[in-house]
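Down below is the structure, laid out as structure tokens.
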Amino acid sequence: MSEPLYIKSARSVATPTGDPAVAETVSAVIADIRERGDAAVREYSEKFDKWTPETFKLSDAQIEEIVARVPAEIVDDIKTVQQNVRVFAQHQRDSLTDFEVETVPGVHLGQRNLPVAAAGAYAPGGRYPLVASAHMTAVTAKVAGVPHIAACTPPIRGEVPAATVAAFHLAGADDIYLLGGVQAVAAMALGTETIRKVDMLAGPGNAFVAEAKRQLFGEVGIDLFAGPTEVLVVADSNADPFVVAVDLLSQAEHGPESPAVLITNSEALARAALAHIDAILPDMPTRDFAGPAWRDHGQIIVVEDIESAYALADTFASEHVQILTDTPRRALEVMSNYGALFLGEKTCVSYGDKVIGTNHTLPTRGAARYTGGLWVGKYLKTVTYQEVTSDAASAELGELCGRTARVEYFEGHARSGDLRAAKYGGAPLDWAPQDSAAL
């Protein structure tokens, strides 16, 4: 078999371009909040969420009362998951070291990793109140050392999302607002009379939230340009087709535009997995999302051998790549374009989404070709510093600076170098006024 065999093809392919109507709506909301602050935020909260409390910020007493309503088992589970996230994030932070090196005698160069001053964390509500987003955004920011974390999550049909509030509180969020949508993201990014401006935004959301983050990028940092959730499974002939089917549908339920792809070297496995999907899907409680996602964006592709499967999978640059083969760690050697790898049948993408400890905010729509997902480093600024302590070194650098700057016609730069070459090395300064007493 030279050409791939498509047992199932996608009906349509999600495009990276957004909806112009969404972009126009978001732009107008941002402009209004920029001009009118809290008043505009309140109007949009009433319009979109039917929510206008006296204040959007929860008091300590309110948070305590809300957390107390969450069943003890759920609180314990939140704590366990957050500890998993915290441990992995701390290992990431420990891998980033500050250093200083003397590159040549008298020239000291250094690097520091400094957290942003304030971060905004967003957890959506709607059909899926993503409690796990609180772990991924706020816990990771805390481990990075961010001094102030503002968290926003919307009410759900007028009710307080208690588990999400508890998760943000236990993660260490400093301010928690019951506020959602574009108005929440814009308020954190721009600052209002009552909501402190942040330096970075993180967290998933609907198309309007994603577009707001895109438009605000530059004024603030963001985690990623988010698109629909993606999953790609690489499976060999020994994989369990029922496991393949269940795991593909587990991600298709994220939304009707979520691609779910199987690449295998076994036509028998491919057809068995498809039969399981056809049997499972009609009774899934989330079939109204998973069904259209599988119908329009699902693919099953059969290739000649497992190495070809890895190569084809790499061209997708999928958000989640699950490896169900006899030697799953082979993927670590041959693949490079993925948001996260899930190796072997004992590991599933849902673990990464919810509990295992790695961050679930990952690149989509091919962005895995050039970036990874949210991690401690996203909340850090890697900055440098320089100090020259040697007269001879400064004089030598000054002469070099003068020559290289003049190649680019930067005379002012050149003169900064000339001045030090003269002051610390005795070089002539032929452009200086004759009566200059600078030296």
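Check whether at least one residue in the stretch 87-94 is under 30 Å from V388 (Cα atoms), under 25 Å from the mean Cα position of the chain (by Cα) and in contact (Cβ under 8 Å) with a residue 24 or more places away in the chain, and report yes or no. The answer is yes; a qualifying residue exists.
Quick grid of which residues meet (1) free of Cβ contacts under 8 Å to residues at least 12 places away in the same chain; (2) closer than 15 Å to A132 by Cβ; (3) outside any loop (DSSP other than H, G, I, E, B):
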{"residue": "A163", "(1), (2), (3)": "no, yes, yes"}
{"residue": "A166", "(1), (2), (3)": "no, yes, yes"}
{"residue": "A173", "(1), (2), (3)": "no, yes, no"}
{"residue": "I176", "(1), (2), (3)": "no, no, yes"}
{"residue": "T192", "(1), (2), (3)": "no, no, no"}
{"residue": "L201", "(1), (2), (3)": "no, no, yes"}
{"residue": "A210", "(1), (2), (3)": "no, no, yes"}
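Among the residues of the stretch 383-391, at least one is outside any loop (DSSP other than H, G, I, E, B) and under 30 Å from E319 (Cα atoms). For S59, the criteria (1) closer than 30 Å to F208 by Cβ; (2) surrounded by 13 or more Cβ atoms within 10 Å (Cβ to Cβ) hold in every case but one, which is (2). Assess whether I149 counts as being farther than 30 Å from L397 by Cα, over 17 Å from the mean Cα position of the chain (by Cα) and not in a loop (DSSP other than H, G, I, E, B). It is false that I149 is farther than 30 Å from L397 by Cα, over 17 Å from the mean Cα position of the chain (by Cα) and not in a loop (DSSP other than H, G, I, E, B).
The listed residues are E54, E100, and the only one of them that is open to solvent by 80 Å² or more (accessible area, probe 1.4 Å) and either outside any loop (DSSP other than H, G, I, E, B) or closer than 24 Å to F225 by Cα (or both) turns out to be E100. Among the residues of the stretch 320-371 satisfying the criterion of being of a type in the set (A, V, I, L, M) and part of a loop (DSSP other than H, G, I, E, B), which is most open to solvent (accessible area, probe 1.4 Å)? So, considering only residues that are of a type in the set (A, V, I, L, M) and part of a loop (DSSP other than H, G, I, E, B), the one most open to solvent (accessible area, probe 1.4 Å) is I356. Looking only at the stretch 234-252, residues that are under 15 Å from D305 (Cβ atoms), of a type outside the set (G, A, S) and surrounded by fewer than 22 Cβ atoms within 10 Å (Cβ to Cβ) come to 2 in all.
In the stretch 351-368, the residues that are on the phi > 0 side of the Ramachandran plot form Cβ pairs under 6 Å with partners that are open to solvent by less than 50 Å² (accessible area, probe 1.4 Å) and β-branched (V, I, T), at six or more places apart or across chains, as follows: G357/V85.
The values are calculated or read from the model by the stated rules, or taken from the named source; none is laboratory data. As the structure is a computational prediction, the values presented were derived from the model and not from experiment. Neighbour counts are summed over all protein chains in view; Cβ atoms, including those assigned to glycine, are modelled from backbone coordinates with ideal geometry. To get the accessible areas, we keep the full protein, side chains included, count just its heavy atoms, and leave off ligands, DNA and RNA. Shrake-Rupley method; radii C 1.70, N 1.55, O 1.52, S 1.80 Å.
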